[in-house]
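Trainee: Sharing a structure here in structure tokens format.
The values are calculated or read from the model by the stated rules, or taken from the named source; none is laboratory data. Owing to the predicted nature of the structure, the values given are computational and were not obtained by experimental measurement. Heads up, the Cβs are rebuilt from the backbone with ideal geometry, glycines too, and the neighbour counts pull from every protein chain shown. Surface accessibility is based on the protein's heavy atoms, side chains included, excluding ligands, DNA and RNA. Shrake-Rupley method; radii C 1.70, N 1.55, O 1.52, S 1.80 Å.
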Amino acid sequence: MSTLTTPPTGTQDPPRPSRLEDVDGVVLSRVRPTTNRPALLLAGVAVVVALVLRLALDVHVALALVLAFVVYLVSVYAVYRTLGGPRVAVDQVLRALIYFAFVCAIVPLASLLWTVVSEGAARAFNPSFLNQTMNGVTGLHDQDYVEGTGPFVGGAYHAIVGTLVITGLATLISVPIGLFTSIYIVEYGAKSRLARWIRFFVDVMTGIPSIVAGLFAFALFVQIFGPRDAKMGIAGAVALSVLMIPTVVRNSEEMLRIVPNELREAALALGVPKWRTIAKVVLPTAASGLASGITLAIARVIGETAPLLVAVGYARALNLDALAGPMNTLAVYAYSMFTKPLSPAVRDPSLERAWAAALLLVLIVVALNLLARLIATIFAPKSGR
């Protein structure tokens, strides 16, 4: 019999080398800095370089920032290569590039939000602006307001109502069509040729310009009502539904696909009809994703301007009948106030109205996104008791 030998007690593993070689013979360093102090110090140096370039040498702001960032990248690579080797240096450089890309994406958004809020907050929350329309308002009223001899008149009440009416009708048209289409693609015709063609056309519709949807809706209603009476709220709803349906279909399809097949098989094994399985098992399970996707689709089209200009037109008074006459929306209202001020000599009141309408539109979109998150949280499947 062979005897097992055990190592003597008290022995320790040999000390691990500070450097290793991989299979290719490349030297890897075990030394890895555990602090970001060098990067922070170098960032401060880059800020100083940018200030010197801008203030002392009068370099353009964008060029000064780019040059300072290049100096920061070179310095980071040199410092971290000395501290931890080439792989740590490359890691730090790529991390800096990621942070830079994040800042480039956030800065325009923050600047846009700040501009809209600063320019439109004073007028957007004014009760008179929210309760008045533009019916009867002329450039003389704006001149009197600027000269201090008259109050500020003219608001966006009709545009707010028109936005809600047209978007609501578009939702009523788009959601059933998009949801039933996605149910057919996932549940009934997953591998059929018709489902493949539907996916293809949905992808094509996703990329069409919005003005094409407006032209389609206007041409359709011209054939029904004639060119004089074709501009109406329902035409704008049809134009927006053309843009909404592809988004609803794609999102609903993805939400239905993530429902586990075991749930369907369990219901079918109990003798439940397929339609009832879809209605009682599949749709409630995917309700969170479906509701949030529909809400985001609404937010995507609520700010469209071009199709509504073509299909609906512009109205200065309140119109609650979507089947008779033009209506107004916040997007069209802001565009009209900015491009065609009531008084060319006095543009400030019209610009105030445009910025206020833009801020109200942004707030509605933000509210819809928050509503989507709330719905997703409420209808999310419960993981346990």
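Trainee: As a test question: what accessible area, to the nearest 10 Å², does Trp197 have when a 1.4 Å probe is rolled over all protein chains in place?
Mentor: Per-residue accessible area (Trp197): approximately 130 Å².
Trainee: Right, here's the next one. With no solvent and one equal point scatterer per Cα, compute the Debye intensity ratio I(q)/I(0) for the stretch 36-124 at 0.10, 0.14, 0.22 Å⁻¹ and report its log10, rounded to two decimals.
Mentor: So the normalised log intensities are -0.36, -0.62, -1.04.
Trainee: Compute the FRET efficiency between Ala345 and Leu109 as 1/(1 + (r/R0)^6), taking r as their Cβ-Cβ distance and R0 = 45 Å, and round to the nearest 0.05.
Mentor: Numbers: r = 35 Å, r/R0 = 0.77.
Calculated value: 0.85.
Trainee: Which whole-angstrom value gives the distance between the alpha carbon centres of the stretch 176-226 and the stretch 106-168?
Mentor: With the stretch 176-226 and the stretch 106-168 each reduced to a Cα centre, they are spaced 36 Å.
Trainee: What net charge do the residues around Glu254 carry, taking every other residue with its C-beta under 15 Å from that of Glu254, with Lys and Arg at +1 and Asp and Glu at -1? Display every interim value, and only then the final one.
Mentor: Values: positive: Arg199, Arg250, Arg257; negative: Glu187, Asp203, Glu253.
The answer is 0.
Trainee: Between Val165, Val59, Val281, find the one with the highest GNM mean-square fluctuation for the chain; connect C-alpha pairs within less than 10 Å.
Mentor: So, out of Val165, Val59, Val281, the one fluctuating most is Val59.
Trainee: Continuing with this model, one more query. Which value in nm describes the separation of the simple spin-label points at Leu374 and Glu254, placed 7 Å from the Cα toward the beta carbon?
Mentor: Going by the 7 Å Cα→Cβ label model, 2.4 nm.
Trainee: Turning to a different aspect of this structure: Among Leu342, Val116, Met134, whose Cα projects farthest towards the positive end of the dipole of the chain, with charges put on the beta-carbon of Lys, Arg (+1) and Asp, Glu (-1)?
Mentor: Val116
Trainee: Taking the Cα centroid of the stretch 72-90 and of the stretch 303-349, what is the distance between the two, rounded to the nearest whole Å?
Mentor: Using only Cα atoms, the two centres lie 57 Å from each other.
Trainee: Let me ask you something else. How much length is gained if the chain between Val272 and Leu363 is pulled fully straight, taking 0.36 nm per residue apart and subtracting their Cα-Cα distance, in nm to one decimal? Walk me through the numbers before you get to the answer.
Mentor: Numbers: separation 91, 0.36 × 91 = 32.76 nm, distance 4.48 nm.
Result for the pair: 28.3 nm of gain on full extension.
Trainee: In a Gaussian network model over the chain where Cα atoms closer than 10 Å are linked, find which of Thr82, Thr329, Thr149 has the largest mean-square fluctuation.
Mentor: Thr82
Trainee: Excluding residues on the same chain fewer than 8 positions from Lys274, give the aspartates and glutamates whose Cα lies under 18 Å from its Cα.
Mentor: Lys274 reaches Glu187, Glu253, Glu262, Glu265.
Trainee: Using amide H atoms built in the peptide plane, which far-off residues or other-chain residues are under 5 Å from Gly150 H to H?
Mentor: Correct list: Tyr145.
Trainee: Also, I was wondering about something else. Probe 1.4 Å, all protein chains in place: accessible area of Met205 in Å², nearest 10?
Mentor: For Met205, solvent-accessible area is about 60 Å².
Trainee: Calculate the translational D of the stretch 49-91 in whole µm² s⁻¹ from Stokes-Einstein, where the hydrodynamic radius comes from the Kirkwood formula applied to all Cα pairs, the temperature is 25 °C and the viscosity 0.890 mPa s. List each step's numbers first, then the result.
Mentor: Working: Rh = 11.1 Å.
Estimated diffusion coefficient is 220 µm²/s.
Trainee: Figure the gain on full extension for Asp91 and Asp58 (residue separation times 0.36 nm, minus the Cα-Cα span) and round it to one decimal in nm.
Mentor: Values: separation 33, 0.36 × 33 = 11.88 nm, distance 3.36 nm.
8.5 nm is the gain from fully extending Asp91 to Asp58.
Trainee: Please report Rg over Rh for the stretch 208-291, where both radii come from the alpha carbon positions and Rh follows the Kirkwood definition. Numbers along the way, then the final one.
Mentor: Numbers: Rg = 19.4 Å, Rh = 15.5 Å.
Checking Rg against Rh, the ratio lands at 1.25.
Trainee: Using a probe radius of 1.4 Å on heavy atoms only, what accessible surface per residue do you get for the stretch 249-385? Whole Å² is fine.
Mentor: Values: 7010 Å² over 137 residues.
Accessible area per residue: 51 Å².
Trainee: Let me ask you something else. Just tell me, in residue order, which DSSP H segments of the chain are both 15 angstrom or longer along the helix axis (alpha-carbon based) and at least -0.5 in mean Kyte-Doolittle hydropathy.
Mentor: On the way: long enough: 37-51 (21 Å, 2.18); 61-84 (33 Å, 2.00); 86-124 (56 Å, 1.23); 157-183 (39 Å, 1.67); 193-206 (20 Å, 0.53); 210-225 (22 Å, 2.31); 233-257 (35 Å, 0.89); 287-301 (22 Å, 1.36); 348-378 (44 Å, 1.59).
Span-like helices here: 37-51, 61-84, 86-124, 157-183, 193-206, 210-225, 233-257, 287-301, 348-378.
Trainee: Continuing with this model, one more query. Points 7 angstrom from Cα along the Cβ direction at Leu83 and Val66: gap in nanometres?
Mentor: For the pair Leu83/Val66, the computed spacing is 2.9 nm.
Trainee: May I pose another question? Classify the stretch 146-379 from the C-alpha gyration tensor, please: rounded if a/c falls under 1.5, else prolate or oblate depending on whether a/b exceeds b/c.
Mentor: Numbers: a/c = 3.05, a/b = 2.02, b/c = 1.51.
Because a/c hits 1.5 or more and a/b exceeds b/c, the stretch 146-379 counts as prolate.
Trainee: Oh, and also: How much of the accessible area of the chain, probe 1.4 Å, is carbon plus sulfur, in whole percent? Could the numbers behind the result be given before it?
Mentor: Details: 15390 of 22800 Å².
Heavy-atom surface of the chain belonging to carbon and sulfur, 1.4 Å probe: 67 percent.
Trainee: Still on this structure, I have one more. Could you sort 252-263, 214-225 so that the peptide with the highest average Cβ count within 10 Å comes first and the rest follow in order? Write out the running numbers ahead of the final one.
Mentor: Values: 252-263: 15.6, 214-225: 17.3.
Answer by packing, highest mean first, reads 214-225, 252-263.
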